[in-house]
Structures are given as C-alpha cells and as structure tokens.
1. Of everything in the range 343-363 that's more than 16 Å from the ligand (Cβ to nearest atom) and either in a loop (DSSP other than H, G, I, E, B) or of a type in the set (Ser, Thr, Tyr) (or both), which residue is least open to solvent (accessible area, probe 1.4 Å)?
2. Looking at the range 131-140, is at least one residue within 16 Å of the ligand (Cβ to nearest atom), within 28 Å of PRO192 (Cα to Cα) and free of Cβ contacts under 8 Å to residues at least 60 places away in the same chain?
3. Specify the residue that is farthest from GLY77 (Cα to Cα); the eligible residues are those in the range 200-251 that are without any contact (Cβ under 8 Å) to a residue 60 or more places away in the chain and of a type in the set (A, V, I, L, M).
4. How many residues, within the range 31-51, are in contact (Cβ under 8 Å) with a residue 40 or more places away in the chain and in contact with a Leu (Cβ under 9 Å, 6 or more places away or on another chain)?
5. Which one of these is more than 12 Å from the ligand (Cβ to nearest atom), under 23 Å from LEU154 (Cβ atoms) and within 27 Å of the chain's Cα centre (by Cα): GLU453, GLU463, GLU484?
6. Before we move on, is ALA173 more than 10 Å from the ligand (Cβ to nearest atom), among the small types (Gly, Ala, Ser), at pLDDT 95 or above and closer than 28 Å to VAL90 by Cα?
7. Given the conditions (1) within 26 Å of PRO213 (Cβ to Cβ); (2) open to solvent by less than 90 Å² (accessible area, probe 1.4 Å); (3) out of contact with any helix residue (DSSP H, G or I) (no Cβ under 7 Å at 6 or more places or on another chain), report the number of the one that ASN3 does not fulfil.
Amino acid sequence: MLNREMVIANRGVLDQPIAFRAVIGGKFIDAQSRETIARESPAHGGPISLYPRATIEDVNSAVAAARNAADTRIWSGMSGRERHRILLKVAQIIEARRQELGLIEALEGGKPIGNVDGEIQSSIDNWEYGATLARHTYGDTYDELDGPRLGLTLREPIGVIGIITPWNYPLGAVSQKLPFALAAGNCAVIKPSELTSGTTLILGEILLEAGVPEGVVNIVCGYGQDVGQAIVEHLEVDMISFTGSTAVGRKVGAIAGETLRRVSLELGGKSAQVVFADANLEAAARGVATGITLATGQICIAGSRLLVERSVAVEFTNLVFEHMKAVRVGDPFDAYTQVGPVISSAQRERIQKYLKIGSEEGATGRSAALSERLRTSKGYYVAPMLFSNVQPGMRIEQEEIFGPVLVAMPFDTADEALHIANGTSYGLYGGVWSKNIDRAFAFARYMKCGTVEVNGYLNGSPELSVGGIKASGIGHEKGRHSIEEYTQLKTVQLSLDPVFSGH
Ligand code: NAD
C-alpha cells in the first residue's frame with residue numbers, strides 16, 4: 001500500500017515500481033511467461049508500475065473463465081436485485097479507495113493530483129447509475145396478435161464482452177462500459193492500455209470484494225497488437241466494446257464484421273466549439289480554453305476547433321489565448337498544477353509534428369510559455385498552443401492531434417459555421433455558445449455528432465448517453481440505452497389454447 005502523503009512529498013518518485021497482477025477466474029496471477037511491462041512516469045521518467053504481460057494462453061484462460069461464468073449463468077441467473085446490490089457495493093468500495101485510485105491515475109497518467117478526483121467521482125456515479133439499470137432491464141409484450149397467441153420480446157445478456165480501453169481516462173473508460181454490461185447480466189474480459197493499467201487491475205480486486213462471482217470479470221494486460229487483437233479475434237467473445245483511436249477501431253470493426261459479432265466503438269474526434277457574438281464571451285472563452293487544455297488536451301471530446309463569429313473573432317481569440325496562457329502547466333504533484341505532461345514521448349512527438357505541419361500550412365501559432373524547469377525536465381511537457389489563420393481543410397483542422405492545440409477560424413454566417421463544424425470525418429461532440437435559443441437549438445439539431453452542449457462544455461452525467469457518429473464510432477455508452485447495447489432480443493411466441501368461448 002502506497003503512502004499517499006509520502007508519494008506527494010516525493011513528487012511521485014517511487015523507490016520501486018508498484019507490482020500489479022492480472023485477474024483470471026477470481027485469482028490474482030502473474031503472466032504465464034513471467035514477463036512484465038514496465039510503466040515509467042510521464043512526469044519524471046522514473047519507474048511507476050509493473051504489469052504482467054499476458055500471453056495468448058493467459059488470454060485463452062481469461063476467455064474460458066468468462067465463457068464458463070456466462071454459460072453456467074452464475075451472474076445472469078442472479079435476480080436484478082442481487083446484481084443491483086453488488087454493483088452498488090462496487091461503487092461504495094471505489095469511494096472508500098478513491099484516494100489510492102486517484103494517486104495511481106496521477107502517477108501513471110501524469111494527471112495533476114489536484115484534479116484526478118473528478119474522474120474517480122464520475123466513475124462512482126456510473127457504477128451507482130449502472131446498478132439501478134440491473135433492475136430496469138425489460139422487454140415488451142404483444143397481446144393483440146391473431147387469436148390467443150401472445151408475443152414476448154425478451155432482453156437477454158449477450159454473453160462474454162471483450163472490453164478494450166485507452167490510456168487517457170482508464171478508470172473512467174472502463175466505468176463507462178462495465179457497470180452497464182454487468183447490469184445486463186454479461187461477463188467480461190478486459191484489457192486496459194499498456195500505459196495505464198493500474199486502476200483497472202485495482203477495480204478487479206474491488207469487484208471480487210463486492211461479491212461479483214469469480215470468473216465473471218477477468219482482466220489481462222498487454223499490448224494491443226498481441227493481447228488486444230487476441231481478445232478481438234477470440235470466437236468465444238460474443239461482443240467487443242472498444243474505446244481508442246479511429247485507426248485501431250477500424251481494425252477491430254473489420255474483425256468483428258468478418259466474424260459477425262456485435263461491436264461498439266468509441267473513437268477519436270475533432271470537435272468544434274461555435275461561438276456567436278451574442279454569447280457570454282467571458283464564459284465562452286473559459287469554456288473553450290478548458291475544453292482544449294484539460295488533461296493536456298488528451299480527451300476524445302476536446303474542443304479542438306474554435307469557430308467564432310467574425311465581428312468578435314480577434315477580440316475573442318485573444319481572450320481565449322489569455323485563458324490558455326493562464327493555465328498552470330507543471331508537475332502533477334504540485335498542488336496548484338492544472339495541466340501535467342502528456343502521456344509519452346511518442347505523444348509529445350506527435351503533437352510537435354502537428355505544430356510543424358500547422359506552420360508549413362501557413363497558420364500562425366501562438367504558444368504559452370513553459371518554465372525553464374519544465375523545458376529541461378525528463379517529463380513530456382507541452383505548452384498550450386493556439387493557431388489562427390487556419391483554413392478549413394488544413395491537416396491541423398481535420399486530424400485529431402490529442403494535445404493542447406486549438407485551431408481558430410472566423411465565420412460570417414450560421415450556415416458557414418455549420419458547414420465548417422460538420423466538415424471533418426469525425427462526429428463525436430460539439431459546443432455552441434449563443435444567447436439566441438433558436439439558433440443554439442438549430443445547431444444542436446444539425447451538428448453531425450453524438451453530443452452537443454449549449455453554453456457549456458465537458459459536462460456529463462451517467463443518465464446521458466455518449467457516443468460518436470461517422471469516424472467517431474458506432475454505438476452509445478451510459479444512459480438507459482446502454483442496456484440496449486449490452487443485450488440482444490429474443491422473441492417468444494406462446495400459442496395458447498382458448499379457455500373461454502372465443503378466447
Ligand atoms: P489506441 O487505439 O492506440 O489504443 C486503445 C486500446 O486498444 C489500447 O488498450 C491498445 O493497447 C489497444 N489496441 C491497440 N491496437 C490494437 C489492436 N490491433 N487490436 C486490439 N486492441 C488494440 O488509442 P489510445 O492511444 O490508447 O487512446 C487515444 C485515442 O482514444 C484517441 O484517438 C481518443 O480520441 C480515443 N478515445 C476515444 C474516447 C471516446 O469515448 N470516443 C474516449 C477516450 C479516448
């Protein structure tokens with residue numbers, strides 16, 4: 001058990017890495033190969049975690065355990081009330097361990113210790129809400145068919161769900177899937193990202209302690225190309241629920257298509273924030289700056305494109321940049337830090353590559369300053385950056401950068417703004433800022449994306465579904481509709497003999 005105060009006092013430098021174990025069939029195990037994956041701090045480069053690197057045999061064991069749990073109905077055969085109580089207990093244990101979970105997220109992901117709690121809280125909220133849906137899974141009856149025949153549409157669990165998650169919000173991402181999959185009576189095999197597996201493995205302990213039977217949820221660690229792909233290809237896995245990049249999502253979808261299994265894909269984005277001159281410009285500027293800097297811009301729904309009405313474009317863009325500059329980038333274990341490093345050197349290189357592309361395309365970049373200490377540190381720090389003189393169609397306007405890089409474009413008419421907003425391959429999220437409710441609602445209706453926020457950004461609730469369209473994915477998570485994602489329909493027809501004359 002880590003001493004939180006000591007870890008914070010040492011700025012996240014550990015004497016030795018935390019050794020995690022996989023969860024298969026209710027047992028905590030090392031990989032059969034005994035190989036591990038070492039995670040190093042994105043803030044200072046020192047050792048943080050060791051995850052057991054699963055082999056194909058480990059994946060097979062995890063799938064076999066889940067298959068057995070599904071086929072013997074140890075979970076789906078419980079009443080909704082029993083599942084509800086266990087899922088609620090999961091939420092309570094996460095609550096009791098929230099500081100430890102937050103600490104691991106800060107260590108592995110480089111998120112500021114002062115603001116990791118938001119992710120833990122939203123995870124708790126999802127487990128609590130998911131628990132209620134365990135008592136809310138129901139089908140339809142048709143009593144007006146021909147004669148005494150009665151038709152029933154039942155909702156059944158799908159069986160074994162393969163869950164694959166990204167590094168940016170590890171506990172948050174699995175908590176957008178698993179509570180709902182379990183509420184509907186499914187079993188699961190989970191692979192978190194090789195960069196941030198810690199909190200998902202701790203969740204494995206929590207599930208068992210809460211009373212989820214052994215084998216219902218199995219968690220293995222490893223890289224995508226071997227372990228992830230083995231889960232996706234395994235024919236005893238009935239559905240894949242994947243969150244990650246569009247490039248990998250396409251591969252996952254292709255395999256699911258070829259083998260005719262259900263798939264849910266939560267993928268990348270290039271979301272637009274549309275600001276009209278009549279908006280509360282101060283609130284909008286704060287919302288736009290936070291929307292691209294929170295978690296160092298490594299959020300799928302980051303508002304990475306700013307579209308602003310031309311009459312206020314210069315003034316508003318300057319205001320946004322002032323807010324971006326004021327964001328305190330720093331060591332995740334400094335109490336006042338708002339934004340930490342990015343996740344890896346590869347991610348920093350990717351961002352730097354796009355900064356170069358932006359300049360080559362003719363856009364004008366402005367960057368917030370990074371202190372000498374951060375520039376020379378071993379951490380992967382990146383300063384927030386704003387590009388103006390951006391034309392729709394430029395690569396920096398079309399492609400997901402996944403960093404604190406905002407591109408700003410003026411518009412003259414609402415039609416033009418809508419056209420630019422809808423003009424990428426993605427369709428995840430959008431924001432519109434205006435006091436004109438007719439206009440704001442028209443945008444909400446016609447922006448081609450899964451969620452639109454009016455006069456706010458990055459809000460969310462477990463009751464509200466999220467999901468992308470176009471290259472941002474297929475399917476929805478959270479909300480009561482998540483039960484539809486994780487169930488399949490079964491039609492039952494009862495041909496009843498008439499008992500009363502004519503009935
Ligand atoms: P990624 O696609 O590289 O990896 C995601 C997960 O897939 C990881 O666990 C990885 O190991 C695994 N993986 C990689 N190759 C695989 C393969 N061939 N088969 C099976 N699994 C494989 O994404 P990332 O870099 O971890 O995360 C960032 C991306 O995730 C961004 O594009 C971001 O927009 C997206 N994202 C989307 C949402 C959403 O809800 N739409 C949420 C968070 C992140």
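1. Going residue by residue through the range 343-363, those that are more than 16 Å from the ligand (Cβ to nearest atom) are 352, 355-363.
Checking the rest, the ones that are also either in a loop (DSSP other than H, G, I, E, B) or of a type in the set (Ser, Thr, Tyr) (or both) come to 359, 361-363.
On the way: SER359: 73, GLU361: 60, GLY362: 46, ALA363: 11 Å².
Applying the filter and picking the extreme gives ALA363.
2. Step one: of the range 131-140, the residues within 16 Å of the ligand (Cβ to nearest atom) are none.
Checked the range 131-140: no residue is within 16 Å of the ligand (Cβ to nearest atom), within 28 Å of PRO192 (Cα to Cα) and free of Cβ contacts under 8 Å to residues at least 60 places away in the same chain.
3. Kept after step one, since they are without any contact (Cβ under 8 Å) to a residue 60 or more places away in the chain, are these residues of the range 200-251: 200, 225, 229, 233, 235, 247-248, 250-251.
From what is left, the residues that are of a type in the set (A, V, I, L, M) are 235, 247-248.
Details: LEU235: 23, ALA247: 38, VAL248: 35 Å.
Going through the qualifying residues, I end up with ALA247.
4. Residues meeting the conditions: 8.
5. Values: GLU453 fails: under 23 Å from LEU154 (Cβ atoms); GLU463 fails: under 23 Å from LEU154 (Cβ atoms).
None of the others qualify; the one that does is GLU484.
6. Details: more than 10 Å from the ligand (Cβ to nearest atom): no; among the small types (Gly, Ala, Ser): yes; at pLDDT 95 or above: yes; closer than 28 Å to VAL90 by Cα: yes.
For ALA173, the condition - more than 10 Å from the ligand (Cβ to nearest atom), among the small types (Gly, Ala, Ser), at pLDDT 95 or above and closer than 28 Å to VAL90 by Cα - is not met.
7. Unmet for ASN3, out of (1) within 26 Å of PRO213 (Cβ to Cβ); (2) open to solvent by less than 90 Å² (accessible area, probe 1.4 Å); (3) out of contact with any helix residue (DSSP H, G or I) (no Cβ under 7 Å at 6 or more places or on another chain): (1).
Here is a yes/no grid of residues against (1) at negative phi; (2) open to solvent by 40 Å² or more (accessible area, probe 1.4 Å):
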site	(1), (2)
PHE411	yes, no
SER425	yes, yes
TYR429	yes, no
ASN436	yes, yes
ARG445	yes, yes
GLY479	no, no
THR491	yes, yes
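The values are calculated or read from the model by the stated rules, or taken from the named source; none is laboratory data. Source: prediction; values computed, not measured. Note that we place each Cβ from the backbone using ideal geometry, even for glycine, and neighbour counts take in every protein chain shown. Keep in mind that these areas ignore ligands, DNA and RNA; they rest on the heavy atoms of the full protein, side chains included. Shrake-Rupley method; radii C 1.70, N 1.55, O 1.52, S 1.80 Å.
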